[in-house]
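What follows draws every value from the coordinates through simple rules; no lab data is involved. Bear in mind that the values here come from a model prediction, so they are computed numbers and not experimental data. As a convention, Cβ positions derive from the backbone with ideal geometry for all residues, glycine included, and neighbour counts pool all protein chains shown.
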Amino acid sequence: MRQGDEAAAPLGDASRFRFAVVVSRFNAFVTDRLRDGALAALREAGARDEAVEVIDVPGAFEIPQAARAAAETGRFDAIVCLGCLIRGATPHFEYIALAAAHGITAAAGETGIPMTFGVLTTETREQALERAGDGPDNKGREAAAAAIDMASLFRSLAAPSRPPGIRA
């Protein structure tokens, strides 16, 4: 979503899908809000409570490992990955941000299950909180919306092929 948009992007239909929401406990003052935004979006889009599983992990570094393990169960159509990294005085921020991004990308590619990236990488606590607010710009909500879209896309790509020019 572009900066300044007032309304949330429309959500797809989540009622046909199962989701894992992998959430880092580190910086919980932000990640709890990201999780709440994601869960609200999934509910709003019709996901049943029993079709959504929240998986807590210690930090952003562990998100890809848990996302891969969840994907390998075969129980989920998409996985929402949520975390928050706030830059400090050492290079640790860069190492963890890169590991999380690459790990999630690799896990999605290797398992064939879509995984969305809702890991904030901010300079300050204030920036993190702005991106995890109650409104439509909550990045957890956006990651959940992307997961719904990707689950739908993957399902349509797996459907029997249609003659050229015919759309579903």
### Message
What does the C-alpha gyration tensor say about the overall shape of the stretch 38-150? Classify as rounded when a/c is under 1.5, otherwise prolate if a/b is larger than b/c, or oblate.
### Response
oblate
### Message
If each DSSP helix of 4+ residues adds -39,500 (n - 2.57) and the sum is divided by the residues in the chain, what number results at 222 nm, nearest 500 deg cm²/dmol?
### Response
-14000 deg cm²/dmol
### Query
In debye, nearest 20: dipole of the chain around its Cα centre with unit charges on the Cβ of K, R (+) and D, E (-)?
440
### Task
With an 8 Å cut-off on Cα pairs and a minimum separation of 6 or more residues, tell me the relative contact order of the stretch 22-168 in percent.
31
### Query
For Thr111, Thr116, Thr73, what ranking results if the residue with the fewest other Cβ atoms within 10 Å of its Cβ goes first?
Thr73, Thr111, Thr116
### Query
What's the FRET efficiency of Glu44 with Glu94 using the Cβ-Cβ distance as r and R₀ = 41 Å, to the nearest 0.05?
0.70
#### Entry: Protection proxy ranking of 97-109, 37-49 - average other beta-carbon atoms within 10 Å, highest first
37-49, 97-109
